[in-house]
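What follows draws every value from the coordinates through simple rules; no lab data is involved. This structure is a prediction, so every number in the text was calculated from the model and none was measured.
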């Protein structure tokens, strides 16, 4: 018998769904997760040397902990296994999807990630997953679906499966981000030289780094900076509303990272009055200790031009490498239009290796395009 939440489509493929809102998910999440993650990893990793995939323990912890600012839905496409009654208890995982629905801001958006195992492609699996995701989005009152595809820079856009799918499904390009990676360790004298070059431009500012949670005296200011990240960083043509951050959300995000086995190093900059005007954050997972993830970097618009971005990144990198000598690389993503930050990264030694293409489509537009429904779904 199909599990609770299963959504069936014609043919020998069906979709099963679980959500952070499903009170019964714990009873069968283990089996669901294994199939979901194997399909996700197979799809994300194919033809990519370093997919920087979320580790399974991180994803399990997020789902079980339940983020306070999003509702998560996980969908897996299963090849039916005959259980004798025709119900199909679900065979091997062919593809997976994740749907993230913000609840504090941007409540018009459902962010969808779809991955199809290479051997299951060109069978309509991705379309089935997208249709089910659009159905969930519509039921939650969302009006926009947002998704992305990542591809190596040497892979042509017109032959990359993810890029082809986004175009076929009607997603309108909104933002292109470039991924760059930095080999560690960086020679200390190289960091010293970069800091020495930037320091004269930052007269009147000070900057420092810390590990772990934001100190209590700074948490209100950090919440304000994180809100500015959603308005000051390039967003291309995506329909992005300002995010709502307060100290409680900052602390909830910190608690989630702890549950996931992640630790952080943050560098902040303050002006002559002591007001925080910029920050950057590096993250390491206990489940992938050889990689550091470069998360947000922001200098508020009115304080740019003082080389604070470089000074923040050098400070955070020094702190992280001192605490995590096992790290061997840093992965970072920047909008391709963000010339100043790209220049900082390239000066540090980051090398381009992938592009991430983001696009949007109206929920009802994609439902019409796919003719959503058990009898009308097109492959």
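Most mobile of 146, 122, 40 per a Gaussian network model of the chain (Cα springs, under 10 Å)?
122
For helix 339-348, report the angle its Cα long axis makes with the longest principal axis of the Cα atoms of the chain; keep it between 0 and 90° and round to the nearest 10°.
Roughly 70 degrees, rounded to the nearest 10.
If each residue of separation counts as 0.36 nm, what is the full-extension length gain between residue 121 and residue 164 once their alpha-carbon separation is subtracted? Can you show the working numbers first?
On the way: separation 43, 0.36 × 43 = 15.48 nm, distance 1.23 nm.
My answer for the length gained is 14.3 nm.
Please report the antiparallel percentage of DSSP beta bridges with both residues in the chain, rounded to the nearest 5.
Numbers: 71 of 77 bridges.
Once the DSSP bridges in the chain are tallied, antiparallel ones form about 90 percent.
Between Rg and the Kirkwood Rh of region 187-348, both from Cα atoms, what is the Rg to Rh ratio? Walk me through the numbers on the way to the answer.
Numbers: Rg = 15.3 Å, Rh = 16.3 Å.
My calculation of the ratio gives 0.94.
Determine the calculated [θ] at 222 nm for the chain from helices alone, applying -39500 (n - 2.57) to every DSSP H run no shorter than 4 residues and normalising by the residue count; nearest 500 deg cm²/dmol. Intermediate values should be presented prior to the final figure.
Values: 10 runs with 124 residues, N = 379.
So the helix-based figure for the chain works out to -10000 deg cm²/dmol.
Starting from the Cα gyration tensor of region 178-275, take the square roots of the eigenvalues, sort them a ≥ b ≥ c, and report rounded, prolate or oblate (rounded when a/c is under 1.5, otherwise prolate if a/b is larger than b/c, else oblate). Walk me through the numbers before you get to the answer.
Values: a/c = 1.39, a/b = 1.35, b/c = 1.04.
Rounded is the answer for region 178-275, as its axis ratio a/c remains below 1.5.
Mind pulling the angle between the C-alpha long axis of helix 56-65 and the longest principal axis of the chain? Nearest 10 degrees, somewhere in 0 to 90.
In the chain, helix 56-65 runs at an angle near 80 degrees to the longest axis.
Consider the candidate values (1) 0.95; (2) 1.12; (3) 1.04; state which one is Cα Rg over 2.2 N^0.38 Å computed from the structure displayed.
Computing Cα Rg over 2.2 N^0.38 Å and matching it to (1) 0.95; (2) 1.12; (3) 1.04 gives (3).
How big is the convex hull of the Cα atoms of region 255-359, per residue, in Å³? Show your work: numbers first, answer last.
On the way: hull volume 14.6 nm³, N = 105.
In region 255-359, the Cα hull volume divided by residue count equals 139 Å³.
Once both axes come from the Cα atoms, what is the angle between helix 188-198 and the longest principal axis of the chain, in degrees from 0 to 90, rounded to 10?
Between the helix axis and the principal axis of the chain, the angle is about 70 degrees.
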